[in-house]
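Participant: One structure, pasted below without further comment.
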Amino acid sequence: MNMFSTIDLAILSVGSWEPAESQLRSVFPEEISNELSRLGTRAEVAGLFINDEGELVGEDISSQCITISENDLLSVPRVVAVAGSRKKVRAIHALSRSGLITDLVTDADTARELLKLPAIKKHQHTRRTN
């Protein structure tokens with residue numbers, strides 16, 4: 001964890017909270033999963049939970065995970081999200097709105113579905129330049 005500030009490339013999988021297509025969701029106790037749902041979680045990546053607007057939610061739960069922090073992730077020059085499946089389209093869109101990622105690797109069907117959603121005009125976070 002002390003080396004997070006030296007990362008120059010992160011490749012992260014994307015989980016969909018609603019609809020449920022997330023490995024992380026399946027290992028959380030039901031009360032934590034329900035709380036994250038109540039907070040409007042749409043996507044999860046690296047133990048960070050994101051709502052439809054691209055805002056982080058459930059920070060108190062993230063703080064209990066062994067994972068990179070939002071600030072450290074924003075300092076990584078290149079963050080590649082890897083996700084595919086029509087079930088994950090809304091999660092990928094929410095993550096894209098967050099500004100936490102720089103690149104996306106997906107399949108053609110998922111890309112076509114993403115292009116049907118409203119264009120992202122403003123990210124919630126601004127990436128840091130070194």
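The values are calculated or read from the model by the stated rules, or taken from the named source; none is laboratory data. Please read all numbers here as calculations on a predicted model, not as lab measurements. Counting neighbours? That spans all protein chains shown, and the Cβs are built from the backbone with ideal geometry, glycine included. Accessible surface areas use protein heavy atoms only, side chains included; no ligands, DNA or RNA. Shrake-Rupley method; radii C 1.70, N 1.55, O 1.52, S 1.80 Å.
Participant: So if I check each of 85, 62, 98, 69, which one is touching a helix residue (DSSP H, G or I) at 6+ places or on another chain (Cβ under 7 Å) and among the small types (Gly, Ala, Ser)?
Facilitator: Details: 62 fails: touching a helix residue (DSSP H, G or I) at 6+ places or on another chain (Cβ under 7 Å); 98 fails: touching a helix residue (DSSP H, G or I) at 6+ places or on another chain (Cβ under 7 Å); 69 fails: touching a helix residue (DSSP H, G or I) at 6+ places or on another chain (Cβ under 7 Å).
Only one candidate passes the filter, namely 85.
Participant: Right, next: Which one of these is more than 20 Å from residue 7 (Cα to Cα), open to solvent by 60 Å² or more (accessible area, probe 1.4 Å) and of a type in the set (Gly, Ala, Ser): 111, 91, 119?
Facilitator: On the way: 111 fails: open to solvent by 60 Å² or more (accessible area, probe 1.4 Å); 91 fails: open to solvent by 60 Å² or more (accessible area, probe 1.4 Å).
Result: 119 is the single residue among 111, 91, 119 that is more than 20 Å from residue 7 (Cα to Cα), open to solvent by 60 Å² or more (accessible area, probe 1.4 Å) and of a type in the set (Gly, Ala, Ser).
Participant: Separate question: Would you mind telling me which numbered condition in (1) under 18 Å from residue 89 (Cα atoms); (2) part of a loop (DSSP other than H, G, I, E, B) residue 25 fails?
Facilitator: Going through (1) under 18 Å from residue 89 (Cα atoms); (2) part of a loop (DSSP other than H, G, I, E, B) one by one, residue 25 breaks only (2).
Participant: Moving to a separate point now. Collect the residues in the range 28-73 that are open to solvent by 60 Å² or more (accessible area, probe 1.4 Å) and either in a helix (DSSP H, G or I) or within 18 Å of residue 101 (Cβ to Cβ) (or both), keeping them in residue-number order.
Facilitator: If the condition is that a residue be open to solvent by 60 Å² or more (accessible area, probe 1.4 Å) and either in a helix (DSSP H, G or I) or within 18 Å of residue 101 (Cβ to Cβ) (or both), then 30, 31, 34, 35, 38, 53, 55, 59, 60, 71 are the ones that fit.
Participant: Is it the case, given these coordinates, that residue 7 is free of Cβ contacts under 8 Å to residues at least 60 places away in the same chain and open to solvent by 20 Å² or more (accessible area, probe 1.4 Å)? Quick ask: steps written out before the conclusion?
Facilitator: Numbers: free of Cβ contacts under 8 Å to residues at least 60 places away in the same chain: no; open to solvent by 20 Å² or more (accessible area, probe 1.4 Å): yes.
Against the criterion (free of Cβ contacts under 8 Å to residues at least 60 places away in the same chain and open to solvent by 20 Å² or more (accessible area, probe 1.4 Å)), residue 7 does not qualify.
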